[in-house]
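Below: the structure, in structure tokens.
The values are calculated or read from the model by the stated rules, or taken from the named source; none is laboratory data. This one's a predicted model, so the numbers in the text were calculated from it and none came from an experiment. Backbone-built Cβ (ideal geometry, glycine too); neighbour counts: all protein chains shown.
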């Protein structure tokens, strides 16, 4: 077998595997545009007969049939909670990451380890004490309560990623700027921050996606339209006797679209961020 | 005392920079964990607030040690993690090697490979619940349309089929993380040793076994360490797909904790279980982190 035919075969095998990987997701997206009746019909209808946006209209309360689930508020909550907690986690992560990358202080290694260890706590295990404490403090079912928790669970990761990127920026650059008359603060914003920006961006995306997708904590700490996020709200569809499959599929698409756009936009940073620890060895 | 004050003054800048991170983790993770450690020694029930002060010593821990359902869930969790992590690693390795071989359209393939990473665990769970459903699921529909089976297969009801289904979901969700990290390792790999080995007459398998694989091991362990940081994500998947049911057949440690705490309202006992689950997570992370260090040392020896 020539090298060329072998290459072609490998290409097709890979393509086929990728197709299999994508099919489950694509099936959900396709189902979101099909009416519930068509999904439920037996024997199965394989070729979609009528695709429409009805399911989306229904969950947003427009059109003929309305679903009694306030997806609009959930979307707003998700957006507010995810962006705020991401912003906070980035600010805290930059400050902490810079401290680890640029300064020597006693207990540095163990401090780093302990911050990382805080991430191993399973969400559901953390939800138990938080549920008790938050209800005493009146933070249950408030966006603020969820933002606080998401910021804390994102900080270890943002510190870790941003620290690595700051360490790659040679400290001589900042020193040179300071000799030229910059303050340390100016040197940071004019020299070091622009060079480490890609790390900050990738940390931000990770934090946003973690918050956007989080379920274990949100399902216990949120109750109503005041603070319930999209992932927790998805379960509303199953609380009834009949599962509204089409509605769930439509909501799934709403959850996936922002994540999809973000990931595609910043794919390069994402890979850089993920492979960072590996490449450095 | 004087020494501490001097130390604080000397390192005031880094300590101040670090303070926000430490404070928020202290407030939202560490203090609640200390509190839950305390409640694991009480008979605390959500519906009776006064039971928070009812100290019962180690009885919660004794109770779960003798609880058959707990040990079944624990064993199932360990089995689930072992199967899932190993298969994810093998499939990710295979996928990375394949993508590495392609020259045409590699970027596109890499993007497609990351597709499952964009799905939140809850969506993965829902997606496979929908696909494996016995009346409307696409898997059953396909099998019936092809005439392979007449009866619907109860994928999410039968004990082993349900375990198989949640494993598939978990593997679908996380294989791409392995694939991407291993691919990064393949990209970073120096060409010279491979060419030298070929000159010395090694065949493909020997090159893979003795050069490529040892070089990839640190990357594999990094992926394992990153994955074991959030193995508990599987809770979301299983909670949506089966909720630990039917009749506890897919009960994992995490779904058992949620049921004990929120459905049975036995917070004290659930917290004792939660500590076991935290130790399990730390054990997995520590185990792979150590392996990672060993693999690096091994690589450095060459």
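Out of all the residues in the range B:74-88, which are within 16 Å of residue B:274 (Cα to Cα) and free of Cβ contacts under 8 Å to residues at least 24 places away in the same chain?
Correct list: B:75 only.
Of the conditions (1) over 24 Å from residue A:252 (Cα atoms); (2) buried (at least 16 other Cβ atoms within 10 Å of the Cβ), residue B:210 fails just one. Which one is it?
If we test residue B:210 against (1) over 24 Å from residue A:252 (Cα atoms); (2) buried (at least 16 other Cβ atoms within 10 Å of the Cβ), just (2) comes out false.
Within the range B:214-242, work out how many residues are surrounded by fewer than 22 Cβ atoms within 10 Å (Cβ to Cβ) and more than 9 Å from chain A (Cβ to nearest Cβ).
3
Filter the helices (runs of 4 or more DSSP H) completely within the range B:1-73 down to those with at least 1 residues that are free of Cβ contacts under 8 Å to residues at least 24 places away in the same chain and touching a helix residue (DSSP H, G or I) at 6+ places or on another chain (Cβ under 6 Å).
B:12-25, B:31-39
Somewhere in the range A:10-28, is a residue closer than 23 Å to residue B:136 by Cβ and touching a residue at least 24 places away in the same chain (Cβ under 8 Å)?
Yes, because at least one residue in the range A:10-28 is closer than 23 Å to residue B:136 by Cβ and touching a residue at least 24 places away in the same chain (Cβ under 8 Å).
Report the residue count in the range A:29-41 for those that are in a helix (DSSP H, G or I) and free of Cβ contacts under 8 Å to residues at least 60 places away in the same chain.
Residues that pass the stated criteria total 3.
Grab the helices (runs of 4 or more DSSP H) fully contained in the range A:163-230, keeping just those with 2 or more residues being free of Cβ contacts under 8 Å to residues at least 40 places away in the same chain.
Where helices (runs of 4 or more DSSP H) fall fully within the range A:163-230 and carry at least 2 residues being free of Cβ contacts under 8 Å to residues at least 40 places away in the same chain, they are A:171-179, A:184-187, A:193-213.
Are any residues in the range B:177-222 farther than 21 Å from residue B:106 by Cβ and outside any helix (DSSP H, G or I), and if so, which ones?
B:200, B:201, B:202, B:203 - these are the residues of the range B:177-222 that are farther than 21 Å from residue B:106 by Cβ and outside any helix (DSSP H, G or I).
I'm told residue A:193 meets every condition in (1) within 27 Å of residue B:108 (Cβ to Cβ); (2) surrounded by fewer than 17 Cβ atoms within 10 Å (Cβ to Cβ) except one. Can you identify the failing condition by its number?
The number of the failed condition is (1).
Over 30 Å from residue B:267 (Cβ atoms), touching a residue at least 24 places away in the same chain (Cβ under 8 Å) and touching a helix residue (DSSP H, G or I) at 6+ places or on another chain (Cβ under 8 Å): does that describe residue B:92?
Yes, satisfied.
Looking only at the range B:133-146, decide whether some residue is within 9 Å of another protein chain (Cβ to nearest Cβ), assigned to a helix (DSSP H, G or I) and over 19 Å from residue A:28 (Cα atoms).
Yes, some residue in the range B:133-146 is within 9 Å of another protein chain (Cβ to nearest Cβ), assigned to a helix (DSSP H, G or I) and over 19 Å from residue A:28 (Cα atoms).
Any residue at all in the range B:58-65 that is within 30 Å of residue A:263 (Cβ to Cβ) and more than 13 Å from every other protein chain (Cβ to nearest Cβ)?
no
Which of the residues that make up the range B:263-283 are more than 8 Å from chain A (Cβ to nearest Cβ), touching a helix residue (DSSP H, G or I) at 6+ places or on another chain (Cβ under 9 Å) and not in a loop (DSSP other than H, G, I, E, B)?
The answer is B:268, B:269, B:272, B:273, B:276, B:280, B:283.
Out of A:202, A:224, which single residue is more than 11 Å from every other protein chain (Cβ to nearest Cβ), surrounded by fewer than 21 Cβ atoms within 10 Å (Cβ to Cβ) and within 25 Å of the chain's Cα centre (by Cα)?
From the options A:202, A:224, the qualifying one is A:224.
Considering only the range A:114-134, I want to know if a residue exists there that is within 11 Å of chain B (Cβ to nearest Cβ), farther than 30 Å from residue A:222 by Cβ and buried (at least 19 other Cβ atoms within 10 Å of the Cβ).
No, there is no match, as no residue in the range A:114-134 is within 11 Å of chain B (Cβ to nearest Cβ), farther than 30 Å from residue A:222 by Cβ and buried (at least 19 other Cβ atoms within 10 Å of the Cβ).
For the range B:170-191, name all the residues that are surrounded by fewer than 24 Cβ atoms within 10 Å (Cβ to Cβ), modelled with pLDDT of 85 or more and more than 9 Å from chain A (Cβ to nearest Cβ).
B:171, B:186, listed by residue number.
Give me a count of the residues in the range B:243-262 that are away from chain A (no Cβ under 12 Å) and either part of a helix (DSSP H, G or I) or buried (at least 22 other Cβ atoms within 10 Å of the Cβ) (or both).
So the count comes out to 2.
May I ask you to list the residues in the range A:31-51 that are closer than 28 Å to residue A:230 by Cβ, surrounded by fewer than 15 Cβ atoms within 10 Å (Cβ to Cβ) and within 14 Å of chain B (Cβ to nearest Cβ)?
A:37, A:40, A:48
Select from the range A:52-110 the residues that are surrounded by 14 or more Cβ atoms within 10 Å (Cβ to Cβ) and part of a loop (DSSP other than H, G, I, E, B) and list them in ascending order.
Within the range A:52-110, A:60, A:63, A:67, A:69, A:70, A:103, A:105 qualify.
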